[in-house]
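Undergrad: My structure is below; once you've seen it, I'll send some questions.
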Amino acid sequence: MKHTSPLTLDEIERTLATRSLGRRIELRDRIDSTNREAMALGQADAEHGTLVLADSQTAGRGRLGREWFSPPGINLYASIVIRTTLDTQRLSQWLSWLPLMTALGTAEAIESAGAARVSLKWPNDLLIGDRKVGGILCESGASIRTGPFQVIGIGINVNGERASFPRGLRDVATSIRQETGQEVDRHRLLVRLLEELELCLEEFLTRGIDRLAVEYRRRCTTLGKTVKAVLADGNEYVGTAEGIGDDGSLTMVHEPPRPGGRSEVRQLRAADITHLR
Ligand code: BTN
């Protein structure tokens with residue numbers, strides 16, 4: 001596997017123009033999980049925007065208890081501590097849209113690296129074509145002194161080749177380089193990622209969710225598809241993904257269990273989605 005130039009603090013700080021995201025950076029060569037470390041820093045009262053970045057992870061966490069493939073030298077693994085002082089009413093919308101806004105900002109950053117169109121599989125898988133180029137894992141924590149916080153963890157497959165993925169991932173995962181044929185500068189991509197994310201989060205705070213929700217729906221390739229949804233309790237549903245609610249949930253309409261019965265509408269807050277057709 002050909003490694004690209006190593007991540008350095010100097011190179012990131014030289015060009016980073018964000019106000020809060022990445023103002024404190026903990027850069028590690030190797031870590032178990034940047035999310036685990038960011039959660040620990042959040043519990044130790046780390047400020048909003050603290051970024052944990054690693055060149056490789058030995059126990060990268062994916063959604064739904066899966067592992068995130070995290071080899072050295074080629075990808076981005078980043079976790080950011082997010083705090084807010086929103087009142088209770090707006091807080092719940094913020095919390096439900098945070099993973100989706102993160103996906104949106106990440107898609108914009110990946111496209112700026114020259115990739116073809118990045119689409120989103122609800123809630124926050126980043127796809128090029130039908131292969132996954134990145135994923136997002138949001139976790140919540142709290143500290144006695146500074147209260148609740150979120151960690152947004154972002155993994156992007158940047159410069160790997162097809163052969164650098166384990167066999168089981170080769171047909172379902174891709175990297176920006178695989179798609180563009182060009183090596184991507186990880187520093188530039190990271191800086192762009194932090195800037196795009198900050199813009200999304202600030203827009204939510206100043207103007208609300210409306211335009212961001214339009215943009216999310218525009219990119220969301222799940223809409224209109226027949227999907228299989230597996231819920232946390234193991235129940236499975238097949239149906240059509242009809243919309244994204246104002247709370248970021250997926251509206252799914254599924255066929256009646258018996259012929260002649262009524263089709264059911266379900267609002268999913270969390271599920272493992274497979275696109276069927
Ligand atoms: C998914 O399953 O799609 C979510 C993957 C999230 C992976 C990233 S890599 C950086 C951060 N640290 C982790 O342990 N996980 C997230």
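None of the figures in this text is laboratory data; all of them are computed from the coordinates on show. Keep in mind the model is a prediction, meaning the values are calculated, not measured. Quick reminder, even Gly has a Cβ in these numbers, built from the backbone with ideal geometry, and neighbours come from all protein chains shown.
Undergrad: So how long is each side of the stretch 177-249 along the principal axes, counting just the alpha-carbon atoms, biggest first, in Å?
TA: Computed over the Cα atoms, the extents are 42, 37, 24 Å.
Undergrad: Hydropathy first: keep DSSP H helices in the chain averaging at least 0.0 on Kyte-Doolittle, then drop any whose Cα extent along the axis falls short of 27 Å, and list what survives.
TA: 88-112, 186-207
Undergrad: Find how many whole Å separate the alpha carbon centroid of the stretch 97-146 from the alpha carbon centroid of the stretch 192-255.
TA: 11 Å
Undergrad: Sticking with this structure for a sec: Please label the shape of the stretch 169-219 as rounded, prolate or oblate, based on the square roots a ≥ b ≥ c of the eigenvalues of the alpha-carbon gyration tensor (a/c under 1.5 means rounded; beyond that, a/b larger than b/c means prolate, else oblate).
TA: Note, shape of the stretch 169-219 comes out oblate.
Undergrad: Now for a separate question. Relative contact order for the chain: what percent, with Cα pairs under 8 Å and sequence separation of 6 or more?
TA: Averaging sequence separation for qualifying contacts and normalising by length gives 17 percent for the chain.
Undergrad: Can you tell me how the stretch 1-134 classifies by the Cα gyration tensor, rounded, prolate or oblate, using a/c under 1.5 as the rounded cut?
TA: On the way: a/c = 1.42, a/b = 1.11, b/c = 1.28.
Taking the square roots of the gyration eigenvalues as a ≥ b ≥ c, the stretch 1-134 is rounded.
Undergrad: Tell me, what HN-Hα J-couplings in whole Hz come from the Karplus equation 6.51 cos²θ - 1.76 cosθ + 1.60 at θ = phi - 60° for each residue of the stretch 47-54, using x for Gly and Pro?
TA: Residue by residue, the stretch 47-54 yields 6, 3, x, 4, 10, 10, 10, 9 Hz.
Undergrad: Lys/Arg Cβ at +1, Asp/Glu Cβ at -1, dipole of the chain taken about the Cα centre: which of Leu223, Ile110, Thr34 is farthest positive-ward?
TA: Farthest towards the positive end: Leu223.
Undergrad: Let me ask something else. Can you give the convex hull volume per residue for the Cα atoms of the chain, as a whole number of Å³?
TA: About 136 Å³ per residue, rounded to a whole number.
Undergrad: Can I ask one more? What is the magnitude of the charge dipole of the stretch 169-266 about its Cα centre, with +1 placed on the Cβ of each Lys and Arg, -1 on the Cβ of each Asp and Glu, and no other charges, expressed in debye to the nearest 20? Display every interim value, and only then the final one.
TA: Numbers: 15 positive and 18 negative charges, 73 e Å.
My answer is approximately 360 debye.
Undergrad: Any idea how far apart Leu64 and Ala40 come out in nm if each label point goes 7 Å out from Cα toward Cβ?
TA: 2.9 nm
Undergrad: Still on this structure, I have one more. What is the extension gain from Asp272 to Asp29, computed as 0.36 nm multiplied by their sequence separation minus the C-alpha to C-alpha distance, in nm to one decimal?
TA: Numbers: separation 243, 0.36 × 243 = 87.48 nm, distance 3.14 nm.
Stretched out fully, the Asp272 to Asp29 stretch lengthens by 84.3 nm.
Undergrad: I need the shape label for the stretch 65-195. Rule: rounded when a/c is under 1.5, else prolate if a/b > b/c, else oblate, with a, b, c from the alpha carbon gyration tensor. Walk me through the numbers on the way to the answer.
TA: On the way: a/c = 2.06, a/b = 1.94, b/c = 1.06.
Prolate shape, in that a/c is at least 1.5 and a/b is the bigger ratio.
Undergrad: So, with +1 on the Cβ of K and R and -1 on the Cβ of D and E, and no other charges, what is the size of the charge dipole of the chain about its Cα centre, to the nearest 20 debye?
TA: About 600 debye.
Undergrad: Just to be sure I understand: of the beta bridges DSSP finds with both ends in the chain, what percent are antiparallel, rounded to 5?
TA: 85 percent
Undergrad: Can you tell me which aspartates and glutamates have their Cα less than 12 Å from the Cα of Lys132? Leave out same-chain residues fewer than eight positions away.
TA: Excluding near neighbours in sequence, the set is Asp171, Glu179.
Undergrad: Treat each spin label as a single point 7 Å out from the Cα along the C-beta direction, and report the Gln93 to Ala142 distance in nm.
TA: Placing both labels 7 Å along Cα→Cβ, they lie 2.4 nm apart.
Undergrad: Using alpha-carbon positions, what is the distance between the centroids of the stretch 71-96 and the stretch 43-66, in Å?
TA: 11 Å
Undergrad: In addition: Mind listing which trypsin sites (Lys or Arg not before Pro) in the stretch 80-145 are in a DSSP loop and have 14 or fewer other Cβ atoms within 10 Å?
TA: Sparse-neighbourhood loop trypsin sites (Lys or Arg not before Pro): Arg117, Arg145.
Undergrad: Turning to a different aspect of this structure: Given the rule -39500 (n - 2.57) for each run of at least 4 DSSP H residues, summed and divided by the residues of the chain, what is its mean residue ellipticity at 222 nm, to the nearest 500 deg cm²/dmol?
TA: Value at 222 nm, helices only: -9000 deg cm²/dmol.
Undergrad: Now for a separate question. Calculate the translational D of the stretch 226-275 in whole µm² s⁻¹ from Stokes-Einstein, where the hydrodynamic radius comes from the Kirkwood formula applied to all Cα pairs, the temperature is 37 °C and the viscosity 0.692 mPa s.
TA: 296 µm²/s
Undergrad: Say each of Gln182 and Asp210 gets a label point 7 Å from the Cα, pointing the same way as Cα to Cβ; how far apart are those two points in nm?
TA: In this crude spin-label approximation the distance works out to 3.6 nm.
Undergrad: Contact order normalised by length for the stretch 56-207, with contacts defined as Cα pairs under 8 Å and 6 or more residues apart; what percent is it?
TA: On the way: 232 pairs, mean separation 40.3, N = 152.
Over the stretch 56-207, the number comes to 26 percent.
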